[in-house]
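A short write-up of the structure that comes next.
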Amino acid sequence: MEKKVVLHNVKHSPSSIFTKEDVIKLIEKIDVESTLITISELDFSELLKLDELFMETKAKEKKPFMMSLYDYLGRAAGKSLGGEVFRTAMALKETVEERAISNPAYTGNVHLYRREFLDEYFNKKVYEGEQK
């Protein structure tokens, strides 16, 4: 892609991971004849930003996919089953997160569990949604 096209796209983009000024600085360092940027051409702050982005991406990749019992079962689990699953998760020292929800049937927090834990708990795969 030509430098002018990239600059145009960055300047007119509604959002970006980096600020537009940072991207423009990086792009301006690209030689029209060469598409490679050597590390020596980047300043230290640019390298730090790239490193932070890389670390954030790696952290997101390692984070387990968490889901509620409603997401997993496709229906409300109810207090009894929900309590059983929660007590089992606590006994097994599973990671449990919470998410606030509000709908006509329920307003409050729901627990989120790893999909793999729910598969083990229910001894089969109930969830047939997209893989995360």
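The values are calculated or read from the model by the stated rules, or taken from the named source; none is laboratory data. Keep in mind it's a predicted model, so treat the numbers as computed, not measured. Every residue, glycine as well, gets a Cβ built from its backbone with ideal geometry; the counts of neighbours run over all protein chains shown. Keep in mind that these areas ignore ligands, DNA and RNA; they rest on the heavy atoms of the full protein, side chains included. Shrake-Rupley method; radii C 1.70, N 1.55, O 1.52, S 1.80 Å.
From the list S102, S40, which one is at pLDDT below 90 and among the small types (G, A, S)? Give the steps one after another, and end with the answer.
Values: S102 fails: at pLDDT below 90.
Answer to the selection: S40.
Could you list, in sequence order, the residues of the range 96-121 that are assigned to a helix (DSSP H, G or I), surrounded by 14 or more Cβ atoms within 10 Å (Cβ to Cβ) and under 21 Å from the mean Cα position of the chain (by Cα)?
Residues satisfying the conditions are R115, F117, L118.
Could you check the range 65-95 and list, in sequence order, the residues that are of a type in the set (D, E) and open to solvent by less than 20 Å² (accessible area, probe 1.4 Å)?
none
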